[in-house]
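Working notes for the structure below.
The values are calculated or read from the model by the stated rules, or taken from the named source; none is laboratory data. Please read these numbers as outputs of a predicted model, since none were measured by experiment. FYI the Cβ positions are ideal-geometry reconstructions off the backbone, even for glycines, and counts take in every protein chain you see.
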Amino acid sequence: MIDVERWPEWTASMRRVERLDGGPLGVGSHVRVEQPKLAPATFEITSWVPERAFDWNTTSPGVTAIARHAIEPMAGGVRVTLSVEFSGWLAGVVVWWFGELTSRYVAMEADGLKRRCEALTSD
C-alpha cells in the first residue's frame, strides 16, 4: 500500500500517482494524485506509522479531504481500513456532489488491493 505510485496497477480509481519529493515516504511527503472525474490533487502525508498506517490530506478552497489508510494484523492475515473524510465550510457541498463517487472509489481501492495481495501470496 505504501508503494503509492503503483496504485494505478491495481485500482481503476487512480489514473496516475506521482511522488513529488525524494527520500522515503513519510510525514511531509507530497504526492500528486490523478483520478477519473476529479481534478488532480496534491496530498501531503500528515500521519505515518511504518507498516501500519498513514493519512494524507489535500486542501482546496473551503474544504480539506483526509484519506486514512490502515493495516491491522489479524489471525490468518490483515484487515485494511480505507476512509475519506471532508472538513471545512464547503465540506457539505463536496460530500453532496462527490460523496457517492468517493465511496465508489474507496470500495474500488479496497477490492483492488485485496485482489493484488491475494495474487502476490498465491505466487
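The table below gives the values:
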{"quantity": "Matching option when the condition is over 11 Å from the mean Cα position of the chain (by Cα) and either within 18 Å of VAL31 (Cβ to Cβ) or not charged (D, E, K, R) (or both), among SER60, SER83", "calculated": "SER60"}
{"quantity": "Selection within region 63-108 - within 19 Å of ARG52 (Cα to Cα), touching a strand residue (DSSP E or B) at 6+ places or on another chain (Cβ under 6 Å) and not in a strand (DSSP E or B)", "calculated": "VAL106"}
{"quantity": "Flag if ARG79 is closer than 17 Å to TYR105 by Cα and without any contact (Cβ under 8 Å) to a residue 60 or more places away in the chain", "calculated": "no"}
{"quantity": "Scan of region 1-48 for residues that are among the small types (Gly, Ala, Ser) and touching a residue at least 60 places away in the same chain (Cβ under 8 Å), ordered by number", "calculated": "ALA12, SER13"}
{"quantity": "Pairs with Cβ under 6 Å, 6+ apart, first in region 90-107 and of a type in the set (D, E, K, R) and surrounded by fewer than 13 Cβ atoms within 10 Å (Cβ to Cβ), second modelled with pLDDT of 95 or more and part of a helix (DSSP H, G or I)", "calculated": "none"}
